[in-house]
1. Take the Cα atoms of the chain, build their convex hull, and give its volume per residue in Å³.
2. Roughly speaking, what is the centre-to-centre gap between the range 54-94 and the range 346-397 when only Cα atoms are used, to the nearest Å?
3. Quick one: accessible surface of ASP176, probe radius 1.4 Å, all protein chains present, in square angstrom to the nearest 10.
4. Rounded to the nearest 0.05, what FRET efficiency do SER415 and GLN229 give with R0 = 45 Å and r taken as the Cβ-Cβ distance? Could you check?
5. In what order, largest first, do GLU213, GLU54 sit by accessible area if the probe radius is 1.4 Å?
6. Return the carbon/sulfur percentage of the accessible area of the range 250-340, one whole number, probe 1.4 Å, all protein chains in place.
7. With Cβ to Cβ distances under 13 Å as the rule, what net charge do the other residues near ALA256 carry (K, R +1; D, E -1)?
8. Once you order the gyration tensor axes a ≥ b ≥ c over the Cα atoms, which shape class does the range 219-300 get: rounded for a/c under 1.5, otherwise prolate or oblate by comparing a/b with b/c?
Amino acid sequence: MNERSNRRSFLKTALSAAGAYSLGDLSFLSRLPRVSAAEARFDSNIVRFHPDIEPLVRFLEDTPRNKLLEEVAARIRRGLTYREILAALLLAGVRNIQPRPVGFKFHSVLVVNSAHLASISSPEEDRWLPVFWALDYFKSAQAEDAREHDWTMPSLDEGAVPSSHKAKDALIEALDNWDEAAVDVAVAGLVRTAGANEIFEIFCRYGARDFREIGHKAIYVANSWRTLQVIGWQHAEPVLRSLAYALLDHDGGNPARQDASPDRPFRRNLTLLSKIRSDWQDGKPDPNASRDLLSTLRHASPDEASDKVIELLNRGTSPASIWDGLFAAGAELLARRPGILSLHALTSSNALHFAYQTSAKDETRRLLLLQNAAFLALFRGDATNLRSLEIDKLEPAEIPGEATPDLESIFAEISRDRLSAARKVLAFVKHNPDGREFINMARRLVFLKGNNSHDYKFSSAVLEDFHHIASPLREHFLAASVFNLRGSGDADNSLVQRTRQAFL
């Protein structure tokens with residue numbers, strides 16, 4: 001049947017329906033709940049999204065938490081797609097959750113990419129679980145934001161948006177000056193006129209500018225960018241307005257007119273970039289250099305950490321070996337001092353490494369290496385309070401008969417004795433160097449046992465970065481991950497059962 005006849009059939013059906021229900025026969029509406037004028041009107045002072053996604057975002061915003069998963073499942077059965085849900089989830093968080101501080105309840109936005117990575121890396125039967133967890137977490141964060149100050153992203157001052165040929169310079173100047181009002185309109189002007197890669201180059205640099213928010217600024221840059229690659233660049237403007245606002249978060253006076261400690265590594269490292277040899281990317285892999293950097297980061301100041309990276313690059317060490325040392329230092333810090341601060345040494349390194357891989361600018365890539373080293377020194381702080389442990393010297397557990405430890409015993413041990421579990425992981429990867437079975441079970445236990453955003457952020461980061469590291473630090477990195485992974489003896493969360501019931 002051709003398009004014209006399809007249209008005639010549709011019109012005929014529609015006209016028949018109009019005849020059956022005359023314009024005066026609207027009595028059926030009396031049986032529906034009344035819609036107030038306030039409900040029907042959208043606040044013009046609040047940012048609005050594309051018409052194709054706005055209704056779904058409002059659905060997520062307005063549906064009560066105790067009904068959302070079931071309502072979303074019903075819509076999925078009627079054809080709602082994974083990408084549409086992911087887009088609406090990110091945008092609902094951007095509009096309703098204040099990105100200051102860049103953490104705490106704002107993890108509901110930061111975790112969207114982590115949930116997506118967990119989803120695409122999982123078996124098909126598990127892929128909705130991370131997204132449904134993130135949906136529920138958004139409702140929790142939305143309620144918390146409402147209790148605190150009920151922040152909502154405002155509409156844009158359109159009259160102040162700079163023209164296309166001025167937007168880029170205006171954004172950079174505003175970021176340098178920590179000027180919130182100027183940044184907001186400049187980023188909107190640039191998003192409307194510039195390419196995505198050009199914009200990312202700016203943000204990945206400023207995301208690594210300061211150590212405020214313990215690396216969350218860099219994490220937001222990477223995670224927002226990666227999610228936009230999935231949901232589409234048409235949603236970029238509100239997301240990047242939120243990101244720009246987050247990057248300017250600070251306490252006290254304007255950092256542009258101060259010499260605050262969180263800004264010093266960046267300012268110093270900018271002056272050191274020219275000291276790195278021009279062919280630095282042609283260096284050779286060197287496991288000994290990776291261990292040398294790891295050793296230095298156990299005691300170095302931020303300045304000494306950056307200087308060590310420069311020394312190794314100029315010695316002819318491959319940047320990949322530098323990253324191996326950086327990743328290993330983050331993992332060792334977690335093993336020596338498990339907890340929130342240390343795990344962010346790994347999640348921020350994951351974000352900075354992504355920015356490094358994605359950036360096309362030589363200067364920015366050098367800067368990210370130096371900043372990551374300085375950040376790790378800041379994460380470590382006073383080493384006298386850390387557990388005495390060097391992960392590259394950790395020995396595999398002795399298994400009778402040289403057998404491979406089974407995964408069940410490893411994950412049971414995580415709930416009892418994490419150091420013992422780490423040694424069992426080393427014995428396991430000795431026989432299973434790709435770590436695939438361990439990674440799959442670790443991820444599944446996050447779905448079953450995870451109860452906070454860091455379970456998803458951390459696991460998605462370390463299980464991704466394991467594949468970027470060369471042996472032998474690779475195996476030790478994976479072993480150290482058990483200091484923040486879920487064990488089989490941990491309590492189950494209730495969302496898995498609720499999600500499964502929603503699809504019945």
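1. Residue-normalised Cα hull volume stands at 208 Å³.
2. Using only Cα atoms, the two centres lie 36 Å from each other.
3. Surface accessible to solvent at ASP176 totals approximately 70 Å².
4. Efficiency computed from Cβ-Cβ geometry: 0.80.
5. Largest accessible area first, the residues go GLU213, GLU54.
6. The C+S portion of the solvent-accessible surface of the range 250-340 is 48 percent.
7. On the way: positive: ARG209, ARG257, ARG267; negative: GLU173, ASP176, ASP179, GLU180, ASP210, ASP259, ASP263.
Result for the local shell: -4.
8. Oblate, because a/c is 1.5 or more while a/b does not exceed b/c.
The values are calculated or read from the model by the stated rules, or taken from the named source; none is laboratory data. Remember, it's a predicted structure, so these values are computed and weren't measured experimentally. Positions of Cβ are generated from backbone atoms using ideal geometry, with glycine treated the same way; all protein chains shown enter the neighbour counts. Areas reflect the complete protein model, heavy atoms only, side chains present, ligands, DNA and RNA absent. Shrake-Rupley method; radii C 1.70, N 1.55, O 1.52, S 1.80 Å.
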